[in-house]
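This report refers to the structure that appears directly beneath it.
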Amino acid sequence: MRFLGKGLVYVFVIVMAALTLFPFLYMLSSSLMTYQEVTSIPPTIVPRVPQWHNFVEAMRQAPFPRYFLNTVLVSGLSTLGTIITTVLAAFALVRLRFRFKKALMMGMMALLMVPYEVVVFTNYRTINQLGLLDTYWALILPSLASVFYIFYLQQYLSSMPAAYYNAAKVDGCGDLEFIWKVMIPMSRPALFTMALLLFIGGWNSFLWPILVTNSTDMRLISNGLSAFATETGTAVQLQMAASTATIVPILVLYFIFHKQIIEGVSSNGIKG
């Protein structure tokens, strides 16, 4: 019975893995098909002759090099800004004592229940009133803080012994010096995971850049996928080729840093 149970578990894992990977694998296959193959019924699973030129044609449909640079710049600066604000906010919630601290935390938790669509329209109105539409500031400013990651890092820091902070204060170490020399090195797995997830979120951003940008020079790489939709239809094979090229950097990051991601997600900090 034990071996039967293990066999069923393996079968279940394999089936779930196949269901999860199939859309991705089909996207790769579709990027190498002709238009007739990718729109055929019943659908074609494997292209007869790989159409490698689809990637070249896809890059010509829109200024993807510009989109790529914009996405790297916006995602990088947003990630850096969010890491800074998250570290400072989480440190204050864990180590500092001030009035209305619990009320502040309750208010922040309430913000987690606000739908994203409500925040989008509020942010758009603020950016419009500041006259920042169609600028890099419009793409970066609303992403410089995250309540979710503040609480994530707070939970990580809460498991660290308070003796480290108390000993640093006795030695005359200031709060910023403690954050830079002690807290950040000890929180490296969590910060590494946050940085990667934030960068991926910025890389995949679609709705917000569409709302606050008007010129194609300010769009991000995900927005370039709409360039294949015309009045006569959608060049599906080129759209799939562009989608494949879009996710390649994310896959490279994952395969390089997957151990750090798993460590940061599974770790609960240092137990005191």
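Counting heavy atoms of the protein chains only and a 1.4 Å probe, report the per residue accessible area for the chain as a whole number of Å².
Using a 1.4 Å probe on heavy atoms only, each residue of the chain averages 61 Å².
Could you tell me how far the Cα centroid of region 192-207 sits from the Cα centroid of region 61-100, in Å?
Each part reduced to its Cα centre gives a spacing of 9 Å.
Give me the number: length gained by fully extending residue 126 to residue 258, i.e. 0.36 nm times residue separation minus the C-alpha to C-alpha distance, one decimal in nm.
43.8 nm
Could you pull the Cα extents of region 120-221 along its three principal axes, largest to smallest, in whole Å?
Answer, in whole Å and largest first: 54, 25, 22 Å.
Using a Förster distance of 51 angstrom, determine the FRET efficiency expected from the C-beta separation of residue 104 and residue 53, and round it to 0.05.
My answer for the efficiency is 0.35.
Taking only the alpha-carbon positions of region 82-140 and ignoring solvent, what does the Debye formula give for the base-10 log of I(q)/I(0) at q = 0.25 Å⁻¹?
-1.02
Do any trypsin sites (Lys or Arg not before Pro) in region 92-158 lie in a loop, going by DSSP, with at most 15 other beta-carbon atoms within 10 Å of their beta carbon, and if so which?
97, 99
Which order do the peptides 13-21, 158-166, 252-260 come out in when sorted by mean C-beta neighbours inside 10 angstrom, highest first?
Highest to lowest by the protection proxy: 158-166, 252-260, 13-21.
Report in % the part of the accessible area of the chain that belongs to carbon and sulfur, leaving out ligands and nucleic acids; probe 1.4 Å.
Answer for the chain is 70 percent, counting heavy atoms of protein chains only.
Among 212, 248, 147, which one moves the most in a GNM of the chain with springs linking Cα atoms closer than 10 Å?
Of 212, 248, 147, the most mobile in the Gaussian network model is 248.
Using the Kirkwood formula on the Cα atoms of the chain, what hydrodynamic radius do you get, in angstrom to one decimal?
Every distinct Cα pair counted, the radius reaches 22.1 Å.
The values are calculated or read from the model by the stated rules, or taken from the named source; none is laboratory data. The shown structure was predicted, so the numbers you read here are calculated from the model rather than taken from an experiment. Reconstructed Cβ throughout: ideal geometry from the backbone, glycine too, with neighbour counts over all protein chains shown. Surface accessibility is based on the protein's heavy atoms, side chains included, excluding ligands, DNA and RNA. Shrake-Rupley method; radii C 1.70, N 1.55, O 1.52, S 1.80 Å.
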